[in-house]
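First up is the structure itself, then whatever we jot down about it.
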Amino acid sequence: MTENGPPTGQRYSLVYADKGLPGRDSLRARKRIYHLISSTIEIANVLLQRRPSYGRSAKLSNSQIINKIQSELGITVPYNMTYRLDQFLEKCELQDFLDTITISAAYFKTNDLIDVSPHFITEVSRIISELNLAYRVDLDGGVHPIVDKEFEASRISAISGLSDPRYAGALKAFEESHAALEQNPSNGKNAIRCVFEAVEIVLS
């Protein structure tokens, strides 16, 4: 960052774009994760070639990850002359997309050839942060919502209780409080303010 100005050398979207509230899905994220998987495989294979004991058969490939995706998730990756992991990631269910991140991280860590999982996990975290998605990635590649499961169940119950049209304003304020908690880092102050606003609307 310059002394009296914005950060230098950063993409415009990272400095000035309004990210809004954290999202749960993103086509851009899906495309970037596909390219990340491919580039991580390339990095691993370049590093393997530098090893004296490197053999032609000792290399990582998309097809190995795809085999794990199909066996672990019980789904089929599109095939047209070659497997189309890109098409799969763009169109699959959200849970399958997030599971693919974890499966890929495990593959990069346990393939017995080379561990490039730290690079992969770091880049996944960067993508999630830049695209403002409401997840975090642990050191083993597991993907988690920013709030926990019990909190999410309570949120759904509260939303159900506010479904009456007369509580529309309270529902909006309540959802804004949840979104504030999902920000990274969480905006607790704004979350509390929105909850108080929701309560005031209900009691008015």
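Test Leu98 against the criterion of being under 21 Å from Leu73 (Cβ atoms), of a type outside the set (Gly, Ala, Ser) and touching a Phe, Trp or Tyr at 6+ places or on another chain (Cβ under 8 Å), and give yes or no. Even if it seems obvious, please write down each step before you answer.
Details: under 21 Å from Leu73 (Cβ atoms): yes; of a type outside the set (Gly, Ala, Ser): yes; touching a Phe, Trp or Tyr at 6+ places or on another chain (Cβ under 8 Å): yes.
Yes: the conditions hold for Leu98.
Identify all residues within the stretch 122-136 that are in contact with a Ser or Thr (Cβ under 7 Å, 6 or more places away or on another chain) and either closer than 17 Å to Tyr12 by Cβ or not assigned by TED's automatic domain parsing to the domain that holds Ser39 (or both); write none if there are none. Give the steps one after another, and end with the answer.
Start the filter on the stretch 122-136 by keeping residues that are in contact with a Ser or Thr (Cβ under 7 Å, 6 or more places away or on another chain), which leaves 131, 133.
Scanning the stretch 122-136 gives a single hit, Leu131.
State which residue is surrounded by the most Cβ atoms within 10 Å (Cβ to Cβ) when the search covers only the stretch 184-204 and only residues that are in contact with a Leu (Cβ under 8 Å, 6 or more places away or on another chain) and under 19 Å from Ala134 (Cβ atoms).
So the first thing to find is which residues in the stretch 184-204 are in contact with a Leu (Cβ under 8 Å, 6 or more places away or on another chain), and the list is 187-188, 191, 198, 202.
Filter once more, so that each one left must be under 19 Å from Ala134 (Cβ atoms): 187-188, 191.
Numbers: Asn187: 16, Gly188: 12, Ala191: 19.
Out of the qualifying residues, it is Ala191.
Could you please give the count of residues in the stretch 105-134 that are of a type in the set (Phe, Trp, Tyr) and either in contact with a Phe, Trp or Tyr (Cβ under 6 Å, 6 or more places away or on another chain) or outside any helix (DSSP H, G or I) (or both)? Full working, then the answer.
First, the residues of the stretch 105-134 that are of a type in the set (Phe, Trp, Tyr): 107-108, 120.
From what's left, either in contact with a Phe, Trp or Tyr (Cβ under 6 Å, 6 or more places away or on another chain) or outside any helix (DSSP H, G or I) (or both): 108, 120.
Of the residues in that region, 2 qualify.
Listed here are the residues, each with its yes/no results for (1) surrounded by 15 or more Cβ atoms within 10 Å (Cβ to Cβ); (2) modelled with pLDDT of 85 or more; (3) among the aromatic types (Phe, Trp, Tyr).
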site: Phe120; (1), (2), (3): yes, yes, yes
site: Glu123; (1), (2), (3): yes, yes, no
site: Glu130; (1), (2), (3): yes, yes, no
site: Phe151; (1), (2), (3): no, no, yes
site: Ile156; (1), (2), (3): no, no, no
site: Asp164; (1), (2), (3): no, no, no
site: His178; (1), (2), (3): yes, no, no
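Using beta carbons and a limit of 6 Å, which pairs, at least six apart or on different chains, have the first residue in the stretch 125-144 and closer than 17 Å to Asn187 by Cα and the second one among the charged types (D, E, K, R) and in a loop (DSSP other than H, G, I, E, B)?
Asn132/Lys19; Ala134/Arg24
At pLDDT 80 or above and under 16 Å from Gly20 (Cβ atoms): is that true of Lys172 in this structure? Please lay out each step first, then the result.
Numbers: at pLDDT 80 or above: yes; under 16 Å from Gly20 (Cβ atoms): yes.
In short, yes.
The values are calculated or read from the model by the stated rules, or taken from the named source; none is laboratory data. All figures in this text were calculated on a predicted structure; none of them were measured in a lab. Positions of Cβ are generated from backbone atoms using ideal geometry, with glycine treated the same way; all protein chains shown enter the neighbour counts.
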